[in-house]
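Below: one structure, written as structure tokens.
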Amino acid sequence: MDAKQMRKNKWQTTIFLILIILITYLSSFITNFNLIESIATIPAAFSWIFSNLLITEESLQKLPQILEKLGETIFMSIAATTLAAVVSLFLAIMGSKTTKVNQTFSVIARFIASFSRNIPVVAWSLILLISFGQNSVTGFLALFVATVGFLTRAFIESVDEANQSSVEALTATGATYFHMISKAVIPQSLPQMLSWILFMIETNIRSATLVGILTGTGIGYMFDLYYKNMNYNLVALITFTIIIAVIAIELVSNKIRRVIL
Amino acid sequence: MSLLKVEGLSKFYDGETKVLKDVDFEVEAGEFLSVIGPSGAGKSTLLRCINRLVEINEGKVIFNGLDVGAMKKKELRQLRTNIGMIFQHYNLVPRLTVIENVLHGRFGYKSTIQGVLGRFTEQEKEQAFYLLEKLGISEHAYKRCDQLSGGQQQRVGICRALIQEPKLILCDEPIASLDPNSSKVIMDYLKSISTEMGITCIVNLHQVEVAKEYASRIIGLKKGEIVFDGPSKLLYGEQIENIYGIESRELITV
């Protein structure tokens, strides 16, 4: 690279930076976003958080009820994830290049996966809310559908990565298609699949809160209820229990992952 | 009647590249036959046409009096139970135990449900341990396959082929990924399989020296055509040169 080239590169970087600053300024102008003003509100916001979001003794009395709802939410997420995993396994085997039965099924499986994946879980809960009403089935289904989309995608990759040589060997012994799937493909991709399922359980517990706010179920509903009643002490307690639960589950699943991989 | 008869076998990929051209040969029961030739000569394809892991384009493969090319799914399964196969990269399921991998050889005899649930009879399990004992790896029976050395994994592969009770064993470069010591062990086992158990072996090999030492008959393959077929003692320098091309002569004599 000669000096001329270097100077040119330097100029390009400068122009690029100026461009980004211009775009940022323009967007904040359009959206009436004032950076200085918002920074100025930060101290006030924090002082509000620390004076209102306090866990008081009074709110602690509600703890058993909160824990019950939290348990409900966690178990719903686990149930939705595991059921979705079973469906995804079938779709993934249909959809994978290496194990597909025929092209049509493969395309259908991939279509179902990308369709349910590309609609966010929030949209799913709102759509299902209209058709199923406000109950825990709606929340369950919303998580289920979004999880099927994601897990199918992840499972297809795990199946594709599985070594094809043992499949060839089993074919040579006269094994049937299902022998190959159950004894050569699944044993090889199982650890990865379990890892994805654990990841999805974690994610779903987090999204279950949001889904709950929308569909009026589980811990999300409680959060929404006390939030709207301006009972910020309970909101703080609920938030705290959710954080503890998510961290605990993450620790447990990390431990499981270390054992299986 | 010969065990295996290959008549005018041709195979091409993408309708153009001809991998095998009009290959003819017969194999008698109990023979130890070696197929030699440079990489890309079509050795692997030839083996895979015999148990139809690769579809046959032209010509016939007749095994035990039955036309392999015309077989339906069920007959094909039946055929494959009679033909064991050993691979260069052993092709075991790495995360499963040795004994599980050996028992995979019985799938050809199982219904789908039996196989998926892993229902094997006591007799089959005893046979699996007997074979592991025979190949000297019985102490590894409960280890995962990815913990074994290459030579040990290949012996598991041999066990898996033998438990099928095959009439013919196809070996696709069984020693190409092994060190000289393990190679000798594996070749000795293959030889004893053919002499003691009377199982026919067709072994693809790179190494002419090994082929000459072990095989009773050698087929030389060059660009998909048979250029030599005869007793191994009749394979001289000139024919070897013809099979591999002059430029690689130094490689062969090593």
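No value in this document is a laboratory result; all are computed from the given coordinates. In this text, all values refer to a predicted model and were calculated from it rather than measured experimentally. For neighbour counting, all protein chains shown are included, and Cβ atoms are generated from backbone atoms with ideal geometry for every residue, glycine included.
Quick look at the values:
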| item | result |
| --- | --- |
| Phi-based couplings in Hz for region A:237-251 (Karplus 6.51, -1.76, 1.60; Gly and Pro marked x) | 5, 4, 4, 4, 5, 4, 4, 4, 4, 5, 5, 4, 5, 5, 5 |
| Positive dipole terminus of the protein assembly as shown, leading residue within B:166, A:103, B:64 (C-beta point charges) | A:103 |
| Unit charges at the beta carbon, dipole of the protein assembly as shown: most positive-side option, B:227, B:176, A:141 | A:141 |
| Prolate/oblate/rounded label for region B:4-253 (Cα gyration tensor, a/c 1.5) | oblate |
| Average other protein chain Cβ within 10 Å of Cβ, residues B:87-96 | 6 |
| Residue exposure sequence - B:234, A:151 - by fewest surrounding Cβ within 10 Å | B:234, A:151 |
| Whole-Å distance, taken between Cα centres, linking region A:151-195 and region B:103-155 | 18 Å |
| D (Stokes-Einstein, µm²/s), Kirkwood Cα radius, region A:37-139, 1.306 mPa s at 10 °C | 87 µm²/s |
| Cα-centred dipole magnitude for region A:62-260, charges only on beta-carbon of K, R (+1) and D, E (-1), debye, nearest 20 | 40 debye |
| Fewest-first ranking of A:77, B:194, using other Cβ atoms within 10 Å as the exposure measure | B:194, A:77 |
| Pair residue A:102, residue A:114: separation of 7 Å Cα→Cβ label points (nm) | 2.2 nm |
| Rounded, prolate or oblate (a/c below 1.5 giving rounded, otherwise prolate when a/b exceeds b/c) for region B:14-79 by Cα gyration tensor | oblate |
| Which of B:128, B:102, B:113, positive extreme of dipole for region B:90-133 (C-beta unit charges) | B:113 |
| Helix B:150-162 axis, angle to chain B major axis (alpha carbon atoms, nearest 10°) | 80 degrees |
| CD proxy at 222 nm, helix term only [per DSSP H run n ≥ 4: -39500 (n - 2.57); per residue of chain A; nearest 500] | -28500 deg cm²/dmol |
| Student exercise, the protein assembly as shown dipole from Lys, Arg, Asp, Glu Cβ charges, in Debye to nearest 20 | 780 debye |
| Residue B:138-residue A:61 pseudo-label distance in nm [points 7 Å out on the Cα-to-Cβ vector] | 7.4 nm |
| Computed label-point distance, nm, for sites residue A:18 and residue B:241 using a 7 Å Cα→Cβ extension | 7.5 nm |
| Relative contact order [Cα under 8 Å, 6+ residues apart], region B:4-253, whole percent | 28 percent |
| Antiparallel bridges, percent of DSSP beta bridges restricted to region B:4-253 (to nearest 5) | 55 percent |
| Most mobile of B:152, B:114, B:164 in a GNM of chain B (Cα contacts under 10 Å) | B:114 |
